[in-house]
Each structure stands twice: as structure tokens, then as C-alpha cells.
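The numbers here are math on the coordinates, done by the rules we state, and not lab data. Just so it is clear, the structure is predicted and the values come from calculations on it, not from any experiment. Cβ placement follows ideal geometry from the backbone for every residue including glycine, while neighbour counts extend to all protein chains displayed.
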């Protein structure tokens, strides 16, 4: 073999090797996001044929509604309960899916599928990077309790597969479906976090439409629409003040139950005070974290101290009443100055 | 009026107490060692070396060490029946028996592990 021919072969081999090497990832993590997208829309996890995209289709803003559902073919996996006797009405109520876009969730366990379930709309999966985090840790799903394990968005897919992908209502891993692997959870997490806006909005928005501008003004006005009182960042989440007020309300209910302790079983007393304290802690975190209503936060701190003191007392009712009074003052301060 | 008010308070309190238990309902169906983000991280998997079913003290033995834990009235007890190809179910303290494989998820406070158990999964016989 001539030297020229040998050199040509070497060059050809080098070029072939270079072509087989994947191009460098221009954006770190992109491959993981792409894999997550594939899993989200294609992977059935050995179940009934559904994918994440069955209920979160990209062409409908990652949610479903009656208009969208009406256009689906009868054999769409969304309607799997119609054609699978092992699923049926204990898995899904297809009348409610078609009529109002509601799916079935067993939030309170799987012991009584016939009677214990919830029907819910399908939340979109946009801007999750901004909406899942909370002072109490990750909050997924409509009621913030959608994920097993560490409760993260990453773990949510495991719960979703168990709830929605199963071949039968027995829901046996390895039989009715397979659980996502760690690698798959990572990819799904990356994909979902990449959807929608990645930063909070800086209001007011520079809108082009005069109608939209007027709508924005009404939305954010404290005297007209007042919408921003609850939807302070254009609708994605509730306002810190509203969240804190709800925490205070729940704490007061728990404390009042402790005060009116005639009919409540003794073993629940500690749990009542502990939950009341947790609610107050959440409110303090929200207010202090946002630098909001320092006077109200100080009242809440005093209320928390009273609850702690009440926990160690034989007759905590008086302290619980004092704590309620402090929470009332805090609530009044928040409402007056919001 | 006092009775109806008390009943209302009881109902409200019951709702508030049970709402916390409604979280992560699918956890009962996840076998030992497969809880995402938990198994092997904030949980310990091993063999039940001892279990005081009444007092709640349980010891889990792993290859390297023993872990002491405390079951409370709030601890969720799950029975893992996956080896028999059956779905997991809610168990009871009577299932906490020496020699059985188990996984204990501890309660963490401020990043520090306590001895309290959030949930325990016990392999069914």
C-alpha cells in the first residue's frame, strides 16, 4: 500500500470518528431537557398507554378542557377507563372528563376507590420553576400535596404514574406499571422546569394593546379590580398578605378548639397547639421574608411565644386566649395597612 | 347552641388535622427502597431488630449500624406487599415485628434528623 493511500485512509478514519462524536452541548443540561420532553410525551412506563402529555398536551397549553377533549378520538388514552374493565369508574369518570374536563384523584388514599376520591381540573405545567417553591417546601398539584417521596416536583412524576398510568386499580408496581428511574425523574424535572417563564414578571408590563393596558391597570389597582391583592404577580400565585391571613385564620381556629376543649379528645391537644404554631411560623416566614408588616410580624412572634408556653402547661386555655388576641391584632394590622 | 358550636369546632378541627394526612397518598403504594428523593437519603432501610409495639420504640439494623426510632400516633405505617405482587396497604403496629425488612423515614427539623418516624414501611410476610 502506497504511503499516500495509507495517509488517505488515516484521514478518512479520523474524519469518520469526528463525525460520530456528538456536537458539544451548547447549553448545559439541554440534552436532559430534550430527554425529559421525550419521556413526557412518549413514555408510558409500562402502563395503560397514557403519557404525561395525555393530560398535559403541549397543543393546549399543557392542560385539557371540554372543547379540547371533544376533539379527541374515542380511543385516546385519556378515555382508557371506557375500554378497560379493570379500570372503569373507580379509575376515571369519563363523563366528567368530557363534560367539564375533570380527572379523578385519590388524594385521601386508595382503600375505598368507590367512595373516596376527588375530581379536579388539570393544572398546566407552565412556570413551575416559580410556583412550586414555598416557605413550607415544595407544593405541587392543586392542594400542594401531589408528590410522594421528598414532595418535590421531581418526585411528582412517580405519584402521577401510580395514579394515572396503571393498568388496573390494584396499582402494583412492576405489574400494572413501572416506576420512573432516577435518571428519568431528573429528565422530566428538567423539562418541566424549562416550560413557561423562568423569572417573575416586572410589572407593569409594556403592553401594546390599549385594551390590555387598561386591563392591567384595573387588575393592579387597589381600588378598581383589586385582583392583585390575591394574584400579585399577574395571577400565578397568591399575595403574601393573603397567605399570611389564611395562616393566622387557621391558627386561630386551632387555638379556639383548644380553648373549647370539653369535647376534643385529650390526645389531640398537643397536635392542635403544634399545628397552630406551624401556621404562625409560616405566616412569620412569609411576612419577615418579604419585609412586610413588621408590626404584625411582631404580634405573631408574641403569639407564637404564648403558644409555646401553653404547650407546657396543664391548663393552657388562658394562654391560648392571649395568643388568639395577639393574632387578632396582627390580622387587623395586615388588613388596615394592605 | 353550645353543643352545635362544639360539634362545628370538632368538625373543623378534624378537617384541619386530617388534611395533613392527605398528603402524598401514593406513598403507600411505593415499595421499600423506591421512594423518590427519600430512600437511602432521609430514610434507613434494614431489618427490624426490635419493636415495642405499645411504646413505639423500634430499632432498624443495617449492615453497618443500628438506628433507633420512635413511632408516634402520627406515624404512618405501610405494609409492602410487592414481593407477592400485591399493592401496598396501610399497616398497624402489630406488623412491626422483629426480623422483618423495613424502611424508616425520619422526621427532620431544621435539617437535623430526629428519632421520630414520619412513616415506616414493613415488608409483609
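Separation of segment A:37-77 from segment A:183-215 is 22 Å, based on Cα centroids. Across all Cα atoms of segment A:283-329, the radius of gyration (one decimal) and Dmax (whole number) stand at 11.5, 37 Å.
How shielded is B:66-74 by partner chains, expressed as the average number of their Cβ atoms within 10 Å of its Cβ atoms? Mind dumping the intermediate values first?
Details: counts 0, 0, 0, 0, 0, 0, 1, 4, 2.
Mean inter-chain Cβ contacts per residue within 10 Å come to 1.
Taking label points 7 Å from Cα along the Cα-to-Cβ direction, residue B:61 and residue A:199 give a separation of 5.8 nm. The share of Cα pairs per 5 Å bin across segment B:25-123, counted from zero up to the longest distance, runs 3, 15, 27, 28, 19, 8, 1, 0 percent. Mean per-residue shielding of peptide A:274-280 is 1, counting Cβ atoms of other chains within 10 Å of each Cβ.
Short to long, the 5 Å bins of the Cα pair-distance histogram for segment A:63-177 hold 2, 11, 20, 22, 21, 15, 8, 2, 0 percent of all pairs.
On average, how many beta carbons from a partner chain sit within 10 Å of the beta carbon of a residue in B:34-43? Don't skip to the end; give the middle numbers.
Details: counts 8, 6, 17, 12, 6, 2, 0, 2, 2, 1.
The shielding value for this peptide is 6.
Counting neighbouring Cβ atoms within 10 Å and putting the fewest first, the residues A:333, A:319, A:213 line up as A:213, A:333, A:319. Among B:105, B:76, a tally of other beta-carbon atoms within 10 Å of each Cβ gives an order, fewest to most, of B:76, B:105.
Compare the peptides A:77-90, A:154-167, A:274-287 by average per-residue count of other Cβ atoms within 10 angstrom and give them in order, highest first. Walk me through the numbers before you get to the answer.
Numbers: A:77-90: 16.6, A:154-167: 25.0, A:274-287: 22.7.
Order by mean packing, descending: A:154-167, A:274-287, A:77-90.
Reducing segment A:114-163 and segment B:29-74 to their Cα centroids gives an inter-centroid distance of 26 Å.
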